[in-house]
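*Asks:* Dropping the structure in here first, questions after.
The values are calculated or read from the model by the stated rules, or taken from the named source; none is laboratory data. Note that this is a predicted model, so its numbers are computed, not measured. Because the Cβ atoms are built from the backbone with ideal geometry, glycine has one as well, and the counts that use them run over all protein chains shown. Please note that ligands, DNA and RNA were not included when accessible areas were found on the heavy atoms of the full protein model with its side chains. Shrake-Rupley method; radii C 1.70, N 1.55, O 1.52, S 1.80 Å.
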Amino acid sequence: MDHLDQLRHQLKLRLFGLLVAANVVVVAGFWLLQHYTQLSNGLILLITIALGLALAFILAGPFSDYTLQPLAALRKIILHISPDASPGLAAPDLNKLGLGKEMVTSLSAQIYQLASAAEHTLTASRQQVKDLHNNFIAQNLPLPLLVIDSAQNIRYTNEAAAQYIGLKSADMIGKNVYMVLDMSFPSEDTFDNWLKEVKTKNATAAYSWERVRLNVRDSHPIRLFDLAAYYNRGNAEGNETMLVLFDHTKMYSQDDQAVSFMALSVHELRTPLTLLRGYIEVFEDELEDSIDGDLKSFMMKMHAQAEQLMDYVNNILNVARVDDDQLELKLLQEDWPTVLKSSIEMISLRAKVRGIKLSCQITKDLPPVGVDRLSISEVINNLVDNAIKYSANSKVINISTYLNKEGAIETTVQDFGKGMPTSVLPNLFTKFYRDHRNRAQIGGTGLGLYLSKAIVTAHGGTIWVRSKEGEGSTFGFTLIPYAQLAESLKHDNNQSITRSAHGWIKNHSLYRR
């Protein structure tokens, strides 16, 4: 008979004895009431039932305590060996058990044995993790690895990280990770912002970033990489966050080199293109009354194509300046409706050639904005040009501007053409990105939206897109009223603000490079 069967047998005998004793008391009470009292049978029956219920209630407490003795003893044993046990909590005396002594003794021995094995395993594991510098896997991992604590100080770096960053491991240990890894990200989605968020919301978290730039020192080569991070709050050894770097310098540098090569090439087009535009304007003025409708149409198309080519050249050159942090914007106080109408007028010829009407709705009494007129015109030009390209058979493009709920001036460009699937939208503002479905049918460089985002961001605004395939797209961007711009950034008697447009956001900093 095993211990459980033995316990069951003991409970059966004790419960049987208790029930027999209770029934004897009830029957004896009934007999005594019937023979020694003058009560009616009905009343005697009620008194007997009440006696039975009272007896059951009185015996239930002691019997439940008695039957729970084995479970209570096991509970005390587990609490006694747990890491959070109270200092004064003693192990139970198994010799005092009146029920299930054999089973509890056997189980307690196994519990103590398991606890001892678990403690041994945990100690060995902690010792292995604690000495990361002697850990074969971490030290010989071919990828740069850094481990930081809750204060963002570096606790460990492997040899690959030391070579990649260009510092000795000993020189990095104990320093703040932001002092060692001077990283820039292509958007506001930086490692620092992510870490601040997960520290308040998550116990564990993992995330990755693409195209991160390491701002290196001295003659160490520039590094471009993907970054992966794992966060573990309250790690017993203090290793809260792990960073792994995946080098893609060669691949990502090709994009930068492509822009530089294109900028060098198109720069030579500016002079002849400027002459061409001048001649076209002269021909339009001088020959306006002497040429027929077809020739006028040809001249208009030549003018529109020359303007489009000039916009293409300007986009390429400005993207190169953005990537080199050399595109500087001077934000002046401007009347936004005037700037918007002027920009639309510049591109209206291109829409007219395609038979498209530009419908503009401007809310009255908009506050002045702080903009660099030339660069913000490029944003409008790019958004309207995209709307023209993707309008398909639609002949109307709606342009609206208004004061939104946040107090910013929001401008939208809406077409009713091809539209885009949801999967495409997150990548639209990435350099060189173009939807593969339309590459062959519609020309472009994939730089216009990338440049537009850099310019709008430098203005302190945001840019967004909504689209549905087959129903068209709406692009929008916001500008801050001039009065709301930070006083600390104003100069020249509050007449202008100078900012840089660029594609990199510096990590752990409120200021851009």
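*Asks:* What are the lysines whose alpha-carbon lies under 20 Å from the alpha-carbon of Lys196, with same-chain residues fewer than 8 places away excluded?
*Replies:* Lys175, Lys506
*Asks:* Listed highest first by mean packing, meaning other Cβ atoms within 10 Å per residue, what order do 8-20, 103-115, 471-483 come in?
*Replies:* 471-483, 103-115, 8-20
*Asks:* Considering only protein heavy atoms and a probe of 1.4 Å, how much of the accessible area of segment 324-414 is carbon and sulfur, as a whole percent?
*Replies:* 48
*Asks:* Also, I was wondering about something else. Treating cross-link reach as a plain straight distance, find the lysines whose alpha-carbon is under 19 Å from the alpha-carbon of Lys352, omitting any fewer than eight places away in the same chain.
*Replies:* In chain and number order, the partners are Lys296, Lys301, Lys341, Lys389, Lys395.
*Asks:* Subtracting the Cα-Cα distance from 0.36 nm times the residue separation, let me have the gained length for Ala56 to Thr249 in nm, one decimal.
*Replies:* Working: separation 193, 0.36 × 193 = 69.48 nm, distance 8.20 nm.
Here the answer is 61.3 nm.
*Asks:* Please give every one of the lysines within straight-line cross-link reach of Lys101, meaning a C-alpha to C-alpha distance under 23 Å, and leave out same-chain neighbours fewer than 8 residues apart.
*Replies:* Correct list for Lys101: Lys12, Lys76.
*Asks:* Could you work out the local net charge near Phe477, counting Lys and Arg as +1, Asp and Glu as -1, over the other residues with Cβ closer than 10 Å to its Cβ?
*Replies:* Working: positive: Lys453; negative: Glu410.
Net charge in that neighbourhood comes out at 0.
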